[in-house]
Amino acid sequence: MPPTPSTSKEKSKTKSAAAVTDTVTAARTRIDHFNTLQRQVLAKNPSKGRPHHARIAALSAPHVDSFNSIFVHGPIASASGLLDAAIADLGSRSVFAVNTNDQSASLKNTPKIKFWFSSITVAKPQIEVGRGLGNSLYPSECRERGISYKGKMQAKLCWSVNNGPVQSDPRSLGHLPIMVRSSKCNIQDASPRELVKRHEDSSEFGGYFIVNGIERLIRLLIVPRRNHAIALLRPSFMKRGPTYSHFGVSIRCVRGDMSSQSMTLHYLTDGALQLRFSYKKSEYMVPVLLILRALQETSDRDLFMRITQGRTGNTFLTDRVELLLRGFQGLAVHSRQECRGYIGSKFHVMLDSPEDSTDLEVGEEFLKRIVLVHLEKDQEKFDMLIFMIQKLYSLVAGECAVDNPDSPQHQEVLLGGHLFANYMKEKLGDILDGICTQIKTDVRRFPATVDFQSKIYLSKVFSKVNCDIGKKMEYFLATGNLVSNTGLDLQQVSGYTIVAEKLNFYRYLSHFGSIHRGSFFAELKTTTVRKLLPEAWGFLCPVHTPDGSPCGLLNHLSHTCRIVTAQLDVSGIPALVASLGVGQMRGLGPKALASEVQNGDAPTKVDSDDEDDETDAVELDPRESKKLLQNNVVSVQLDGKCIGYATAATAKRVADTLRYWKVSGEHGVPLDLEIGYVPPSKGGQYPGLFMFSTAARMMRPVTYLPNNKTDMVGSFEQVYMDIACVKEDVVAGITTHIELHPTSMLSVVANLTPFSDFNQSPRNMYQCQMGKQAMGTPAHNFPHRTDNKLYRLQTGQSPIVRPNLYNEYGMDEYPNGMNAVVAVIAYTGYDMEDASILSKSAHERGYGYGTVYKSEFIDLAEKQKRSGGTTTKPTLHFGLFGENNVSYMSEEMKAKLEAFLDDDGLPRIGTLLNDGDPFYAVFDDVTQSVSVTKFKSFESAYVDEVRLIGNDDGSSELQKVHIKLRIPRPPVIGDKFSSRHGQKGVISQKWPTIDMPFSESGITPDVIINPHAFPSRMTIGMFVESLAGKSGALHGHSQDATPFQFNEDHAAADFFGDELTAAGFNFHGNEPMYSGITGQEFKADIYIGVVYYQRLRHMVSDKYQVRTTGPIHNLTHQPIKGRKRFGGIRLGEMERDSLLAHGVSFILQDRLMNCSDYSQTHVCRLCGSIVSPIAIASKLGSGLDSGSSDRLSESRDAIECLMCETSKGIDVIAIPYVFRYLCAELVAMNVKIKLDIA
Amino acid sequence: MNLGDAKGPQVTIRSIDHERKQLSFILWNCDLAVANALRRIMMAEVPTMAIDLVDIEQNSSVLVDEMLSHRLGLIPLTSTNIRDITYTRDCNCAEYCQNCSVVLTLNVRCDSDTNRDVTARDLISTNPNVTPYFSSEEDAGVVICKLRKGQEVRMRCIAKKGTSKEHAKWSPVAAVAFEYDPHNKLRHTTYWVETDALKEWPVGPNGAEEVAPGPDDPFDYKAKPEKFYFVVEGTGVMDPRDIVEKALMLVHAKVVFVVQDLQKLKW
């Protein structure tokens, strides 16, 4: 028996106190250990079963699960997936054997062919040997060879001629990119041990594609919540037409195959309602009454009753409905048939329906394919449209508030797999269309050849159509560009995929939780979309968003947030709801329902009386709210389908009961069902009971107090729920839920900031950015990675101070920094302005030692193609010799090359390469010579790996190699370091240990930072970390730094202070220190402790720029820009201004002319032009004879002014070269520059 | 102890802890500058031996050449008889020779199915006086790298004499504790306190050596630090006594050089 609401409430009352367990404050007594040995055992012997860290493995779940749903999607593990639903929805295409444009042709007896896809199979990636398939292809091989990870895709193309027997032909659709660790991947269920065997990290979690050796993933995108009508107020709506108002109700309907069709109901000031939708990127408007009547045979009276719901007292509403009904009279279509026929006649062309279909059929097709596509039955669509109309009128009347489309309440996630499936669907449709077009072309141009009975003809047609969907999907993944003629109901055409950079592990894993608002919003000038809304609590991390242009648009999921990907079984819900007292509209009839409302027109009165009041929801006194509850009849919806109506009071009871069942798992109510009860209010959100079971919703776990079990809460329902954060927040009788832990709202990366609750919030945001820029441990499978650039910290350490989640995510496998002894002191002045001092000895012992790996692929086949090689036979070969080992070089040259290269023309492993050294040698058959490519780089590098890459079966000659270079990067002055609290700085000086300050016990700090880094930034977390790190180092255990563990009564400083005191140190973490230079004790005692430091990837070696002379720009003769091209640094306008202000004109001339584009030119004193002096060829000789050494003066006599026709006034002046260019440009515009030469 | 009676700087040895390689002593009746000079010289100028050059013949371990060389450099080598070896810069040889260097070979190959730890024990020295330091017979030695089946390291390591001024690997000490005035009678520092300095600031181990001032004792503004508490903790390459002794000799030598230079001056 379902508990009555009162009992469930009582339960929550009685249990609330006991339910809140010791989650928050009790954990502090625990002592953490580093578990080094345990980790070593796991590293040596990876598990044969489950992943080592379950949470890491779950990071890619939204990506992998959504991809899997392409192939299998449903409550039971059935064979049908999104793709099957898609091809079913695509339906068939028909073509006739005659030219249908020809009006005279009769379609009755002409042959007609109909074709469709019946099934699609995708194989796991395999190596192609010869013509057959060989062994499985593994992701690591794709990465190493720079190829794509894809599996063969085949479709069964079926056709029937004149509705005769069905024939079919398997067609290859190319190779489909496969997501790593998805159900089509060869390492889907691999245990950590198998993963290591397959050259992956033991914690590899997949979720990305490999395209040309590069790992890319489809970014999660925020889209409007599906199948839910939201009230909008947009000034831009008024631009749609003359009488359009800014009111609208919009709904994004999603079919079973995850393809969507949005539509908006517009309110026109003349009382009409127009339904707007876009189809293939064009917009269409249809009067909503036309659709309503086409959906169901109704009378005006019926419509009136349905829309007004018996609230005849509400004159605002009745007036509008009257206007609406009257306005429709003009169309002169009445019956359902007439309406359908009318719609069909208008949309025949748009829908591209078969030529022989009647208007009625097209009308039906229109209703099926365009109108509220998430619903199947006409009756359901009718009910939903009525609901939308009611909501719109309510909005116009000011009875309900506008819904915020930027709020996560009205949002869901566009999952990679769903987008992938949609895009495939469109491309499959394109194939069918392509076949149609091809046959039509044939019919028009070569009617004689068209024979539908001939398999030869058909296979010729099929072969002419590009069926390589695999290639298109690969292009989509490689570029992120959506090449589409429908637009897929999305707002952007590019930026769908990103590279999963392995800069360090933090960066890598945060890609999988990143969720973007859409590039459309990035260009928006208003910042409202970027706001952090309270509705996002627990779903999107408030801390982990970049600052700058993508701020607030690029968010990250909280670490507990899950995205539903499974299809839930909710078939029993309507019956369950009915049993709880929700009435059926049809069963009761409008009148009956009206009588169920006790007070006829009372509810509307309550609302409309206050029309002039502010539209915001106001708190009602209990009596009034009780009246509201009993008098309001609200819609009960499941996934955008009206399943009944009930009074608000009943709806609330139903919601409460369902929730209890859902959490306790009774009556088959799935846990992931969202039960959003919106209570009636004055001017608040439109009320109703909205349930959602579909995929792509954000859900998060919280504890349900009545039975102390975990409930999953969605972003829609959360807004109307009472969830306590900590047990102190529980209000008896009101609170129903409590957070698992206060850190639930933070993303993984934000959770890894120790003591983040002590910091000023922007600092935590900065740390989220910097943690992702740190040099760390990107992966363990270095020898099998070919990334363009990899950063590696060779001396990474496990942090002493780490939050709880650090262990749960197993971050120790990927160290991201080093523990450093940090003193906060102003010492020698080199720590000014965020610079920090590094101990030279610490540096010499390996502190912060990093390595950069750079990769280069050399493909001779591509080179040959580029240089215009025609033969398929390779003409370029790696090596120092030609055929028969004939050398084409001098002995001297050979000896020089052999110091670097082997006979195969490739560098030796371990060789140190400097700029200009030979990198590799290639023998060219055509020129019969060896060409040596030189190593070009600012810094020298070691050859780390040389990888020879062949084709699939290894039968081809070596044409492609991969060379990995290793660049040692010990920390140098100018390299950037940061703590985990957004405190970044560059190294300004490396002092020898003897000069560093030291404590009484002889400890010298590794890093010195300036105390001025703290007052304005307020990163108290760093102080606490220092304290905790110090005591952890002294006692030999790690410290738990989970935020929200301490409070006023139980302060962190006291806790760690006591630990320090126990170790014989000062309670506050201070120590008297001595100057290393004089040995004198400092006037003040110094705060010194152990802080985990990250080395950031920004290094001077990549940035320094210096030049004396160098390349200049062709046109202006000024130095070019760009470090790579050895350019200069611009001395710009502001720099010029400051030099002017200083009055240093000689410096100014030196910078802007002498060091830039100094040039000398001839000028004619008489006319003042520098463009008219020209050399006269006949006189040139005489000038040369004069024997003068100055080139300009020697030819002065040979120069003549074109205007003055004399060389009398010719002289030489020094000008910036651009000035000459300017004069020449001005001449082209008929402007003359005249110089007065004194 | 009456300090006023002594003529010059005096040293009182407090304890020697061989296991922890620590020597604790008090330097008194001495100026702060001299005491600090001794500290700095112990840390940075006492020469020791450390691997400086590595000729790598074969390295198929997972550690790259430069990392392996760096690790080899940091291995402490016994340097008690450091005086027998000259600095390479003072030697007549071109690159290195027996007089200025010691060659150690590392030649390990793993052929077993279990991983093989390459440790300092595998370093074979050509000079019995310069070998990797082990704290005891049971000491397995510093792990240099780990080899898997089939991997091999084969290299010649050339150890040279040097000082920590150049690189920390030549430092004979791990740390030098240095303190004066444990009760802050000179008021060189100001203790940061919330309520009470006596409660919040623990008295260090040297506190017992001096008499704590009473609350009403007058401040002697003329007083200077003259008693310095040292604890020298060696890395094992030489006895801490050696370190102090050699450092003192170096202080002495520095003074002698100045005297010699002064004598060379012609008036």
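The values are calculated or read from the model by the stated rules, or taken from the named source; none is laboratory data. Computed from a predicted structure; not experimentally measured. As a convention, Cβ positions derive from the backbone with ideal geometry for all residues, glycine included, and neighbour counts pool all protein chains shown. Remember, those area values only see protein heavy atoms, side chains included, never the ligands or the DNA or RNA. Shrake-Rupley method; radii C 1.70, N 1.55, O 1.52, S 1.80 Å.
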Roughly what angle does helix A:1020-1035 make with the longest principal axis of chain A, taking Cα atoms, 0 to 90 degrees, to the nearest 10? 70 degrees
Using only Cα positions of the range A:712-849, each an equal point scatterer, no hydration layer, compute I(q)/I(0) via Debye at q = 0.17, 0.20 Å⁻¹ and quote the log10 values to two decimals. -1.12, -1.35
With a 10 Å radius around each residue's Cβ, average the other Cβ atoms per peptide and rank A:892-905, B:156-169, A:1054-1067, highest first. B:156-169, A:1054-1067, A:892-905
When ligands, DNA and RNA are left out and all protein chains stay put, how many square angstrom of accessible area per residue does chain A have with a 1.4 Å probe? 43 Å²
In the range A:1085-1102, what residues drop by 50 Å² or more of accessible area when the other protein chains are put back, versus the chain on its own? Use 1.4 Å, and skip ligands and nucleic acids. A:1085
Antiparallel %, DSSP beta bridges [both residues in chain A], to 5: 90 percent
Relative to the longest principal axis of chain A, what angle (0 to 90°, nearest 10) does the C-alpha long axis of helix A:315-328 take? 90 degrees
For the range A:680-719 and the range A:1077-1115, what is the separation of their Cα centres, given in Å? 51 Å
Extended-chain gain in nm, criterion 0.36 nm per residue less alpha-carbon gap, residue B:262 and residue B:249: 2.7 nm
For all pairs of alpha-carbon atoms in the range B:49-163, what percent lies in each bin of width 10 Å, listed from the first bin to the last filled one? 14, 45, 30, 9, 1
Which aspartates and glutamates, if any, have their Cα less than 16 Å from the Cα of residue A:936, not counting same-chain residues under 8 positions apart? A:856, A:915, A:917, A:1102
Sticking to Cα atoms, compute the Rg of the range A:455-521 to one decimal and its Dmax as the biggest Cα-Cα distance, whole number, in Å. 17.8, 57
In order over the range A:243-255: 3J(HN,Hα) from phi, Karplus 6.51/-1.76/1.60, θ = phi - 60°, whole Hz, x for each Gly or Pro, gives 9, 5, 9, 8, 8, x, 10, 10, 9, 9, 8, 10, 7
Residues of B:189-195, mean number of Cβ from any other protein chain within 10 Å of their own Cβ, rounded to a whole number? 5
Cα centroid distance between the range A:1197-1238 and the range A:388-444, in Å? 65 Å
Which lysines does residue A:709 reach when only Cα atoms under 28 Å apart count, and residues fewer than 8 places away in its own chain are ignored? A:9, A:11, A:13, A:15, A:652, A:662, A:727
Sites residue A:449 and residue A:280 - FRET efficiency at Förster radius 41 Å, r taken between beta-carbons, to 0.05: 0.85
Considering lysine pairs in the range B:125-184 that are 8 or more places apart or on different chains, how many have Cα atoms under 30 Å apart? 5
Descending packing, highest mean Cβ count within 10 Å first, for A:292-301, A:836-845 is A:836-845, A:292-301
Residues in the range A:887-919 that a label on residue A:789 would reach, taking backbone N under 19 Å of a point 7 Å out along Cα→Cβ: A:915
For q = 0.09, 0.11, 0.14 Å⁻¹, what log10 I(q)/I(0) does the range A:223-411 give under the Debye formula with an equal point scatterer on each alpha carbon and no solvent? -0.31, -0.47, -0.78
Please give, to one decimal in nm, the separation of the simple spin-label points placed at residue B:33 and residue A:1158, each 7 Å out from Cα toward the Cβ. 5.1 nm
If amide hydrogens are placed 1.01 Å from N in the peptide plane, which non-local residues have theirs closer than 5 Å to the one on residue B:193? none
Sort out for me the Cα centre separation of the range B:76-114 from the range B:117-166, rounded to whole Å. 10 Å
Could you tell me, in Å, what Rg and Dmax come out for the Cα atoms of the protein assembly as shown? 40.8, 134
So what's the angle, to the nearest 10 degrees on a 0 to 90 scale, between helix A:378-396 and the longest Cα principal axis of chain A? 70 degrees
What is the spin-label model distance, in nm, from residue A:1233 to residue A:329 if the labels are put 7 Å beyond Cα along the C-beta direction? 7.8 nm
Neighbouring partner chain Cβ atoms per residue of A:829-841, average, 10 Å criterion: 1
Which entries of A:863/A:894; A:472/A:1103; B:199/B:224; A:150/A:873 show an alpha-carbon separation above 30 angstrom in the structure shown? A:472/A:1103
Averaged across the residues of B:66-74, what count of C-beta atoms belonging to other chains lies within 10 Å of each residue's C-beta? 3
Mean Cβ count within 10 Å, highest first, over the residues of peptides A:948-955, A:548-555: A:548-555, A:948-955
Checked the range A:854-930 against the a/c 1.5 cut and the a/b vs b/c comparison, axes a ≥ b ≥ c from its Cα gyration tensor; verdict oblate
Quick one: length gained pulling residue A:494 to residue A:1102 fully straight, 0.36 nm per residue minus the C-alpha distance? 215.8 nm
5 Å is the cut-off here: which amide hydrogens, built 1.01 Å from N in the peptide plane, fall below it relative to residue A:126, excluding neighbours closer than 5 in sequence? A:137, A:152
Straight-distance crosslink candidates among aspartates and glutamates, where the alpha carbon sits under 17 Å from residue B:246 and sequence neighbours closer than 8 are dropped: B:45, B:84, B:233
Nearest-0.05 FRET efficiency for residue A:531 and residue A:478 at R0 = 35 Å, using Cβ-Cβ distance, is 0.55
Taking 7 Å along the Cα-to-C-beta vector as the label spot, tell me the residue A:728-residue A:1144 distance in nanometres, rounded to one decimal. 5.9 nm
